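The values are calculated or read from the model by the stated rules, or taken from the named source; none is laboratory data. The model shown is predicted, which means the values in this text are computed figures rather than measured ones. Using ideal geometry, Cβ is built from the backbone for each residue, glycine included, and neighbour counts are taken over all protein chains shown.
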Amino acid sequence: MGRLAHNDDLLETLTRLCERNRIRCGFLQVIGAVQGAVIGYYDQKKKKYGRNIVLRQELEITSCLGNVSLKDGGIFVHAHVTLADERGKAFGGHLMPGTKVFAAEYVIRELKGTALVRKYDAVTGLYLWG
Ligand code: ZN
């Protein structure tokens, strides 16, 4: 567990932390605040992420949950966030690169055992655990 730095990219920094610590299987949680965020929404009919939702405002990370597994031979962090504005109004979705940390505290928990590997799933169009 630890603190992310001001201006860190939330997703990229979590991924780098897992890579540095060779965490291939685990889960994580983050609370804190961001200066802006980019989140995605998966269109189930088109089987792809629609246009990113770009939030250019200061927001609280009320919840960020994710998991760590393998994809294309590398460590892959999949995380979702719920972010709240000054009125408590919430936004949520799939965490994308471009979410800039104001201040944040993370916990990454490594799980022992065989790391799950993501493989393309034709039914959903997603890379799911095989
Ligand atoms: Zn997702």
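Exactly one condition in (1) out of contact with any strand residue (DSSP E or B) (no Cβ under 8 Å at 6 or more places or on another chain); (2) more than 22 Å from TRP129 (Cβ to Cβ) is false for LYS112; which is it?
(2)
Assess whether ARG56 counts as being more than 24 Å from LEU116 (Cβ to Cβ), out of contact with any Asp or Glu (no Cβ under 9 Å at 6 or more places or on another chain) and surrounded by fewer than 16 Cβ atoms within 10 Å (Cβ to Cβ).
Yes: the conditions hold for ARG56.
Does SER69 count as at pLDDT 95 or above, surrounded by fewer than 16 Cβ atoms within 10 Å (Cβ to Cβ) and in contact with a Gly (Cβ under 9 Å, 6 or more places away or on another chain)?
Taking the combined requirement at face value, the residue does not satisfy it.
If you take the residues of segment 80-104 that are within 13 Å of ASP9 (Cα to Cα) and either among the charged types (D, E, K, R) or surrounded by 19 or more Cβ atoms within 10 Å (Cβ to Cβ) (or both), which of them is nearest to the ligand (Cβ to nearest atom)?
Here the answer is LEU95.
Could you pull out the residue among GLY40, GLY26, GLY36, GLY32 that is out of contact with any Pro (no Cβ under 8 Å at 6 or more places or on another chain), within 20 Å of ALA115 (Cα to Cα) and surrounded by 15 or more Cβ atoms within 10 Å (Cβ to Cβ)?
When all the criteria are applied, what remains is GLY26.
Inspect segment 59-78 for any residue being within 13 Å of the ligand (Cβ to nearest atom), over 22 Å from ARG20 (Cα atoms) and in contact (Cβ under 8 Å) with a residue 24 or more places away in the chain and give the result as yes or no.
no
Would you call TYR127 of a type in the set (Phe, Trp, Tyr) and away from the ligand (no atom under 14 Å from the Cβ)?
Criteria not met by TYR127.
Could you list, ordered by first residue, the pairs with Cβ atoms under 8 Å in which the first is in segment 83-96 and under 12 Å from ALA37 (Cα atoms) and in a loop (DSSP other than H, G, I, E, B) and the second is within 11 Å of the ligand (Cβ to nearest atom) and of a type outside the set (A, V, I, L, M), at least 6 apart or interchain?
MET96/GLY40
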